[in-house]
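Only the coordinates and a few stated rules stand behind these numbers; no lab work does. Please read these numbers as outputs of a predicted model, since none were measured by experiment. Don't worry about glycine lacking a Cβ; one is built from the backbone with ideal geometry, like all the others, and counts go over all protein chains shown.
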Ligand SMILES: Nc1ncnc2c1ncn2[C@@H]1O[C@H](COP(=O)(O)OP(=O)(O)O)[C@@H](O)[C@H]1O
Ligand SMILES: [Mg+2]
């Protein structure tokens, strides 16, 4: 009798504990957002949002807090990374899922999965010793000088610490994230669907292009969003290679200062400056909101696309 | 039949890895009419069918030996364009797989792939083949909706329309009514009966009554071997082989 009661009590306790932990975990993001909102409140009430978002001056000592250079820094670096990463990842995923022999797949897939776990500081180091010098050489070369005449490619900054270096490092970081998901999504397309296309006389490539990728599109998009979020929020690797100059970049060779780098570099120092704390936490809130909005948007697109499966 | 056979299979053997799925099959399919391939499941019916449009070779670990002549020319000869063979030999699979696009685009998929579709004939092509598959009246108002929203029976008729739109001379049907309700199955049977006047149909089925209803010729497979082939009347009423008789009586299989 006693043992039954004890067992029942244990069962109930287990249920309540797991429920409580689950609730706490899912509420964490709300909690974090609330803390950020409360702590950054002073900066949002003392100046209009448009000034915060679009002013290019960041001079904490003069109480000027414009996020614009940092927002643009984040956007530039992330976009360059995605422009590099998406086509490459798509090609690799298609190759692995559609063409690679079992042997090649068995060798390559674990490599890609493992590289998803490499700490970002290692990518940062790799960026400093390999990518930055490469960009520096490119900027100084005759190719760089010819490119320099094109918009978005002007060389004002010969150091190599640049948007391009940050974009390359981030692209390499998101490769495994995008590839491992996209490859599995493409592989999961039913064989019968491929056969339906082949049986109509379509080539392998036509089948991939018109049928397989279309069927897999929502999942591939999800993979890209995952990669984008990773690139967008990445801090360590980026800090090490982008130069951290708070000015709006105009060219791939310019230095940049992304939001993540701003927060990580500045938070905890000179916190006696009025409103400095609120301004930095405001930047963090901004980052959070942008990522959430992006994920929401992607979800909506996904829902529309799933209709066609 | 005094015409030359449309499809001639000569000494066809197929292995999946070490397992031999077809053993030295030689059989001819007459032009036009329906040839039913019957036999218990696992006897190699699908394998035989997929060897005729060279879909077999898309899975790895398959080995094929022998010849298959289509209008007298070996489709496995070196230099033969696989896509051309698959254009001439259409397939209706046992489970409908609508392509991930609209009803309209499903029908036009083949013609577009082969560059036969222009702006001014697209609508006509769609209507023509949807009518041929007896689907036009049901979908004419919603051609631009996704094909997967159709019922399974409608999807199978869409797959038929899609196959017909590339104007194949042979239609391979692999248990085309297996996934369907009786009424949808009936409609597919009626369509096949109408199509056999213009094309050679190879119908794989494990439903004996369906074979009796539709077949002009019958091929009986057993464990990867050809047991008997001949006009339907003869095979059903007067089988040469004891095993065919036993299968038809329901004693084996
Ligand atoms: N892709 C494959 N890999 C290995 N074995 C297969 C494959 N497809 C079919 N088989 C085997 O070959 C034999 C014939 O299969 P199949 O042609 O599908 O028979 P049926 O269509 O008459 O049911 C079966 O024993 C089956 O297990
Ligand atoms: Mg079968």
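Look through B:207, B:201 and report the one residue that is within 16 Å of ligand 2 (Cβ to nearest atom) and either over 22 Å from residue A:196 (Cβ atoms) or touching a residue at least 24 places away in the same chain (Cβ under 8 Å) (or both).
The match here is B:207.
Could you tell me which numbered condition residue A:171 fails, if it satisfies all but one of (1) part of a helix (DSSP H, G or I); (2) more than 22 Å from the chain's Cα centre (by Cα)?
Here residue A:171 meets the rest and fails (2).
Suppose we keep only residues that are under 12 Å from the mean Cα position of the chain (by Cα) and over 18 Å from residue B:48 (Cα atoms) within segment B:170-194. Which one would you say is farthest from ligand 2 (Cβ to nearest atom)?
Within segment B:170-194, the match that is farthest from ligand 2 (Cβ to nearest atom) is B:192.
Taking helices (runs of 4 or more DSSP H) that do not extend beyond segment A:107-151, which have at least 3 residues that are over 20 Å from the mean Cα position of the chain (by Cα)?
So the answer is A:132-140, A:142-147.
Looking at segment B:104-119, can you tell me whether even one residue there is away from chain A (no Cβ under 13 Å) and either closer than 25 Å to residue B:51 by Cβ or in a loop (DSSP other than H, G, I, E, B) (or both)?
Checked against the condition, which is being away from chain A (no Cβ under 13 Å) and either closer than 25 Å to residue B:51 by Cβ or in a loop (DSSP other than H, G, I, E, B) (or both), segment B:104-119 yields at least one hit.
Within segment B:120-138, restricting attention to residues that are part of a loop (DSSP other than H, G, I, E, B) and closer than 22 Å to residue B:173 by Cβ, which residue is nearest to the other protein chains (Cβ to nearest Cβ)?
Looking at residues that are part of a loop (DSSP other than H, G, I, E, B) and closer than 22 Å to residue B:173 by Cβ, I get B:133.
How many residues, within segment B:158-201, are more than 14 Å from chain A (Cβ to nearest Cβ) and not in a loop (DSSP other than H, G, I, E, B)?
16
Is it true that some residue in segment A:136-147 is more than 11 Å from chain B (Cβ to nearest Cβ), in contact (Cβ under 8 Å) with a residue 60 or more places away in the chain and over 30 Å from residue A:295 (Cα atoms)?
yes
Kindly indicate whether any position in segment B:15-35 is within 16 Å of ligand 2 (Cβ to nearest atom), under 17 Å from residue B:220 (Cα atoms), touching a residue at least 60 places away in the same chain (Cβ under 8 Å) and in contact with a helix residue (DSSP H, G or I) (Cβ under 6 Å, 6 or more places away or on another chain).
Taking every residue of segment B:15-35 in turn, at least one turns out to be within 16 Å of ligand 2 (Cβ to nearest atom), under 17 Å from residue B:220 (Cα atoms), touching a residue at least 60 places away in the same chain (Cβ under 8 Å) and in contact with a helix residue (DSSP H, G or I) (Cβ under 6 Å, 6 or more places away or on another chain).
Does residue B:83 fit the bill of being out of contact with any strand residue (DSSP E or B) (no Cβ under 6 Å at 6 or more places or on another chain), within 15 Å of ligand 1 (Cβ to nearest atom), without any contact (Cβ under 8 Å) to a residue 12 or more places away in the chain and within 13 Å of chain A (Cβ to nearest Cβ)?
No.
Please enumerate the residues belonging to segment A:247-262 that are buried (at least 19 other Cβ atoms within 10 Å of the Cβ) and in contact with a helix residue (DSSP H, G or I) (Cβ under 7 Å, 6 or more places away or on another chain).
Of everything in segment A:247-262, those that are buried (at least 19 other Cβ atoms within 10 Å of the Cβ) and in contact with a helix residue (DSSP H, G or I) (Cβ under 7 Å, 6 or more places away or on another chain) turn out to be A:249, A:252, A:253, A:254, A:256, A:257, A:258, A:259, A:260, A:261, A:262.
Starting from residues that are part of a loop (DSSP other than H, G, I, E, B) and within 22 Å of residue B:13 (Cβ to Cβ), keep the ones in segment B:212-238 and report whichever is nearest to ligand 1 (Cβ to nearest atom).
Ranking the candidates gives B:224 first.
Helices (runs of 4 or more DSSP H) wholly in segment A:192-309 with at least 3 residues that are within 14 Å of chain B (Cβ to nearest Cβ) - which ones?
Filter on segment A:192-309 gives A:204-207, A:213-233, A:276-306.
Of all residues in segment B:36-54, which are more than 10 Å from ligand 2 (Cβ to nearest atom) and in a helix (DSSP H, G or I)?
Of everything in segment B:36-54, those that are more than 10 Å from ligand 2 (Cβ to nearest atom) and in a helix (DSSP H, G or I) turn out to be B:51, B:52.
Would you confirm, using the coordinates I've provided, whether residue A:55 is surrounded by 14 or more Cβ atoms within 10 Å (Cβ to Cβ), free of Cβ contacts under 8 Å to residues at least 40 places away in the same chain and in contact with a helix residue (DSSP H, G or I) (Cβ under 7 Å, 6 or more places away or on another chain)?
yes
Looking only at segment B:19-54, which residues are within 11 Å of ligand 1 (Cβ to nearest atom), over 27 Å from residue B:249 (Cβ atoms) and either buried (at least 23 other Cβ atoms within 10 Å of the Cβ) or within 13 Å of chain A (Cβ to nearest Cβ) (or both)?
B:50, B:51
Working only within segment B:72-100, note down all residues that are in a loop (DSSP other than H, G, I, E, B) and within 16 Å of ligand 2 (Cβ to nearest atom).
B:93, B:94, B:95, B:96, B:97
Within segment B:55-71, restricting attention to residues that are in a strand (DSSP E or B) and in contact with a helix residue (DSSP H, G or I) (Cβ under 9 Å, 6 or more places away or on another chain), which residue is farthest from the other protein chains (Cβ to nearest Cβ)?
Out of the qualifying residues, it is B:66.
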